Structures are given as C-alpha cells and as structure tokens.
Amino acid sequence: MESSKPKYCIGQLIHHKLFKYRGIVLWVDPCFKGTEEWYQSMARSKPPKDKPWYHVKGHDNRRTYVAECNLEPDLTYLN
C-alpha cells in the first residue's frame, strides 16, 4: 500500500469537515493502521486507506482516528 506525504503535522490545529470539531494532531500514520472491523463500522464515508490518517485529540478531550480527507487546517486562532 503506497502512502502520500501528510498535509498536517504533530501539534497542528485542525478542523474536522464532517463532524465540525476542532482538535490537535497527536500522531500521524502514513496510511490506515486500524483493523478492517473498525474501518467498516466507523469509517462510513470509506476514506482512502492509502493516504495519511491522524490521531487527533478533540476540543472535548476525546481521541479520534481521522482520514486526512476529512480534515482541514483550523484557522480560527488567526482571527
């Protein structure tokens, strides 16, 4: 499985496009590292497994595992 270079880095603030929460990147996997069972039950939009996935700590202290395609930079701190 070939992966691509991550867009975001550890410590970067991000925004989840679908679930609208802010968070911080804790760790980056170059490609999906979860189980097929988790992917089938949690990744309902079926994001690509061969692109980077991120361990994110959300603003509510919940930890999530998110595909890069569902993230964007959180620029609210610039306002």
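The values are calculated or read from the model by the stated rules, or taken from the named source; none is laboratory data. Everything quoted here is computed from the prediction, not taken from an experiment. Cβ sites come from the backbone with ideal geometry, for glycine too, and all protein chains shown count toward neighbours.
You will find that of GLY58, GLY11, the residue that is surrounded by fewer than 16 Cβ atoms within 10 Å (Cβ to Cβ) and small (Gly, Ala, Ser) is GLY11 and no other. Screening VAL28 against (1) surrounded by 15 or more Cβ atoms within 10 Å (Cβ to Cβ); (2) at pLDDT below 95; (3) among the hydrophobic types (A, V, I, L, M, F, W, C) leaves a single unmet condition, (2).
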